[in-house]
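I have placed the structure first, in the form of structure tokens, so that the comments after it can refer back to it.
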Amino acid sequence: MAADNVTRFPSIQQEQQPETATGHAPQEEVDSYVDRVSDEVLACRQRGRHLWPAMRVHDQPFTAIDEHGLFVRRLTCTCCELAVRVEKWDTIGRGRRARFQLVAAHLEYRTGTEGQTYLAPSGRGRMTPRQVADSIASKAMQGHSLAALRKTLPRM
């Protein structure tokens with residue numbers, strides 16, 4: 001059998017898999033994203049996490065019971081308001097001895113009133129907090145002379 005007639009299938013080790021953008025997003029994409037989102041979204045992106053309200057803030061923290069009988073708690077990020085953490089809780093014991101345990105949690109992302117989203121466009125790589133911070137700093141200092149800036153800042 002000639003090697004020309006062999007059908008090639010992608011290997012398990014991904015040696016013959018098509019290349020995809022699974023690395024970091026290109027800096028141009030990050031710059032474009034930074035230009036179109038709010039300061040609150042940038043704060044969450046740069047921090048690398050959202051700010052969820054504490055459970056003590058609510059008298060009754062649960063909002064629903066799902067089809068499996070689990071208590072559902074929905075939290076909206078107090079900073080960007082575009083991310084919602086959905087938690088599912090189960091109970092162990094009865095009466096005054098009942099205890100709650102977190103079973104599962106996932107994030108849902110909303111679209112803002114002006115169409116802005118927290119997530120960057122898919123398929124272009126991962127946008128790291130450092131890339132966002134680099135882009136913000138570069139944009140803030142755009143148009144300034146680096147030599148003049150070095151002269152005005154004190155030496156440490």
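Each value in this text was obtained by applying a stated rule to the coordinates, not by laboratory testing. Computed from a predicted structure; not experimentally measured. Here the Cβ positions follow ideal geometry from the backbone for every residue, glycine too, while neighbour counts run over all protein chains shown.
Points to keep in mind about this one:
- Simple spin-label estimate for Q27 and L51 gives 3.0 nm between the two label positions (7 Å along the Cα-to-Cβ direction from each Cα).
- Approximating the spin labels as points 7 Å out from Cα along Cα→Cβ, the S145-to-S122 distance works out to 4.9 nm.
- Förster radius 41 Å - calculated FRET efficiency between D35 and R96 (Cβ-Cβ, nearest 0.05): 0.15
- For the range 38-122, the set of GluC sites (Glu not before Pro) satisfying both a DSSP loop assignment and a count of at most 14 other C-beta atoms within 10 Å is given as E67, E114.
- Extension gain, Y109 to T78, is 9.8 nm, computed as 0.36 nm per intervening residue step minus the present C-alpha separation.
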